[in-house]
Amino acid sequence: MGEIFNGRRRIRKKFGTIQEVAEMPNLIEVQKSSYDDFLMVKEPPGGRPDDHGLQAVFKSVFPISDFSGRATLEFVGYEFEPPKYDVDECMQRDMTYSAPLKVKLRLIVFDINEETGSKSIKDVKEQDVYMGDMLLMTSNGTFI
């Protein structure tokens, strides 16, 4: 008779004669690590790889240029602000557990010479833009 400890108070007793072929993976941990890899909340804004997660999504959309070529909107980076409420408070208040997502964008305005068609930079503005609240996963692998 084998005993399996499943992380809780109760020990599961096994009365079967056939041994387990493979250990069951922690499926919740797989989901949590996948979501963390997508958001990259713990990575600093300058240290995120461009080909992975939410950073790759933004890089695939930007830069955006207007039809006349006079302005370009570039993606610089993103960061998450701390959640306003913790998990327990969100459950008590029947609210969503989320964090504000701020994206740093750069607007470049060009001055186009009509005679030669050459572009010169007229103005550059960089600003943080609130893109909405991003749902955060709890330590149990659930969303509130």
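Quick look at the values:
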| item | result |
| --- | --- |
| Charge tally in the Cβ shell below 11 Å around M40, where Lys, Arg are +1 and Asp, Glu are -1, M40 excluded | -2 |
| Neighbour net charge for V57 - beta-carbon separation under 12 angstrom, K R +1, D E -1 | 0 |
| Taking the chain and dividing mean pair separation by its residue count, relative contact order in percent (alpha carbons under 8 Å, at least six apart) | 18 |
| 15 Å beta-carbon shell around M137, net charge (K/R +1, D/E -1) | -3 |
| Spin-label pair K119/A71, simplified geometry with 7 Å Cα→Cβ offset, distance in nm | 1.4 |
| Magnitude of the charge dipole, the chain, Cβ model with Lys/Arg +1 and Asp/Glu -1, debye to 20 | 720 |
| Residue with peak Gaussian network fluctuation, the chain [Cα springs, cutoff 10 Å], from G16, G53, G132 | G16 |
| Relative exposure of R106, R48, R10, judged by other C-beta atoms within 10 Å (fewest first) | R10, R106, R48 |
| Selected from L105, L27, L54 as most flexible by GNM, with the chain as the system and alpha-carbon contacts under 10 Å | L27 |
| (1) 1.17; (2) 1.24; (3) 1.02, with the label sought being that of the calculated Rg/Rh (Cα atoms, Kirkwood Rh) | (2) |
| Selection from T142, V57, V21, by position along the positive dipole direction of the chain (Cβ) | V21 |
| Fluctuation leader among D88, D50, D128 - the chain, Gaussian network, Cα springs under 10 angstrom | D88 |
| 25 Å Cα cut-off, lysine pairs counted over segment 1-124 (separation 8 or more, or different chains) | 16 |
| Value of [θ]222 nm, deg cm²/dmol, for the chain, DSSP H segments ≥ 4, -39500 (n - 2.57) each, nearest 500 | -6000 deg cm²/dmol |
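Any read-out appearing in this document is the output of simple, stated calculations on the displayed coordinates, not a laboratory observation. None of these values were measured; they are calculated from a predicted model. We place every Cβ from the backbone using ideal geometry, glycine too, and count neighbours over all the protein chains shown.
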